[in-house]
Amino acid sequence: YRFRGVSQTQEDPAVQAGVEWNHPDGFKLGAWGSNVDFNTTGGGSLETDIYGSYTWKLAPSLTLETGLYGYLYPGSSSHLNYDYGEGYAIAAYTYDILTLTGSFNYSPDNFGGSGNAYYPQLGASVALPRDFTLDGAIGRQWIEKNAAAGLPDYTTWNLGLAYTWQGFTGKLQYVDTSISKSHCAVGCDAAGIFSITKKF
């Protein structure tokens, strides 16, 4: 489980599940969970996210989604300050088989009590023949209190190829960050990740 390029499971596999409700008018509510391992005493082993958003259709090919995320870590010690909230906005433009996205996330009190955090990202997705999809993104994470977060400010990027068949999506993704080994011993270097997702 990589979040903005950084492993949340000490590079071990993750099992994840979520439920989402979408209204035709553009409202969305959801919850999502995954196992985590921060190699910290009292850090717990579960992440649970709750979120809500609204999407505006600004033009036939242009949308803007704004919403809020709550990242919760049941079982973690309160003094670790893992729980936090984040607001976001995503603009998406689709032209034929190409979709371009630009997003911005902001937290006033980030993970571990690390203060203000900002994450802008640019991405692109191309629908290929035979139900394949190619996508990639590059983002930059800024954190006010780097020592509290345990990470410096950094850039992350990824490139993935996905195939969808009868509701199953298999994806092979390359993920990397600009974080050096001296700042992050495990889970910040380049990795190939394979995932299988099923939608019901």
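Give segment 143-164 a look and list any residue that's closer than 18 Å to ILE90 by Cβ and hydrophobic (A, V, I, L, M, F, W, C), or say none. TRP157, the sole residue that qualifies. Looking only at segment 2-21, residues that are part of a strand (DSSP E or B) and open to solvent by less than 90 Å² (accessible area, probe 1.4 Å) come to 7 in all. Taken as a whole, the structure leaves TYR69 outside the set of residues that are touching a helix residue (DSSP H, G or I) at 6+ places or on another chain (Cβ under 9 Å), modelled with pLDDT of 95 or more and surrounded by 18 or more Cβ atoms within 10 Å (Cβ to Cβ). Contact map, segment 1-27: residues that are in contact (Cβ under 8 Å) with a residue 40 or more places away in the chain paired with residues that are part of a loop (DSSP other than H, G, I, E, B) and surrounded by fewer than 13 Cβ atoms within 10 Å (Cβ to Cβ), Cβ distance under 8 Å, separation 6+ or inter-chain. Pairs shown: SER7/VAL186; GLN10/ASN39; GLN10/VAL186; GLU11/VAL186. Just the residues that are hydrophobic (A, V, I, L, M, F, W, C) and open to solvent by 40 Å² or more (accessible area, probe 1.4 Å), please, taken from segment 22-37. Answer for segment 22-37, where residues must be hydrophobic (A, V, I, L, M, F, W, C) and open to solvent by 40 Å² or more (accessible area, probe 1.4 Å): PHE27, LEU29, TRP32. Taking the condition surrounded by fewer than 16 Cβ atoms within 10 Å (Cβ to Cβ) and either in contact with a strand residue (DSSP E or B) (Cβ under 9 Å, 6 or more places away or on another chain) or not in a loop (DSSP other than H, G, I, E, B) (or both), does ILE50 pass? So ILE50 passes the test.
The values are calculated or read from the model by the stated rules, or taken from the named source; none is laboratory data. Every value quoted in this text rests on a predicted model; they were computed, and no experiment measured them. Every residue, glycine as well, gets a Cβ built from its backbone with ideal geometry; the counts of neighbours run over all protein chains shown. Accessible surface is based on the protein model in full, side chains and every heavy atom, while ligands, DNA and RNA are left aside. Shrake-Rupley method; radii C 1.70, N 1.55, O 1.52, S 1.80 Å.
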